[in-house]
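Working notes, structure below.
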Amino acid sequence: MEPGYKTTEFWMTAIGALVAAVIPLLVAYRVVDEAQGQLWAGLILAVAGVVVPVVISSMVKAYTASRTDVKMAALMKD
């Protein structure tokens, strides 16, 4: 099992919590109106739903390649 911060569920929840906290503040301070706030919240969550899994997958791929290189180097020394 992976640590929590390495899962897509963690990042989606974190992004959702940030959006849920920031958008109402922007509406309260009249930076955006309520309709714009809802639009931005939907857009941010939709983009995060695509970007987060891609980024995490590339991180896992890079980590796996790095560990493979280290293990291969250790095998070649022997």
Selection status of Val50, under 23 Å from the mean Cα position of the chain (by Cα) and exposed (fewer than 11 other Cβ atoms within 10 Å of the Cβ):
yes
Before we move on, is Thr68 polar (S, T, N, Q) and in contact (Cβ under 8 Å) with a residue 24 or more places away in the chain?
no
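Every residue, every condition in (1) touching a Pro at 6+ places or on another chain (Cβ under 6 Å); (2) of a type in the set (S, T, N, Q); (3) part of a helix (DSSP H, G or I), yes or no:
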{"position": "Phe10", "(1), (2), (3)": "no, no, yes"}
{"position": "Thr13", "(1), (2), (3)": "no, yes, yes"}
{"position": "Gly16", "(1), (2), (3)": "no, no, yes"}
{"position": "Val19", "(1), (2), (3)": "no, no, yes"}
{"position": "Leu26", "(1), (2), (3)": "no, no, yes"}
{"position": "Val31", "(1), (2), (3)": "no, no, no"}
{"position": "Gly37", "(1), (2), (3)": "no, no, yes"}
{"position": "Gly42", "(1), (2), (3)": "no, no, yes"}
All conditions in (1) exposed (fewer than 11 other Cβ atoms within 10 Å of the Cβ); (2) in contact (Cβ under 8 Å) with a residue 40 or more places away in the chain are true of Trp11 except (1)
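Laboratory data are not the source of any read-out in this text; all were calculated from the coordinates shown. This is a predicted model, so every value here is computed, not measured. When we count neighbours, we look across all protein chains shown, and the Cβ atoms used for this are built from the backbone with ideal geometry, even at glycine.
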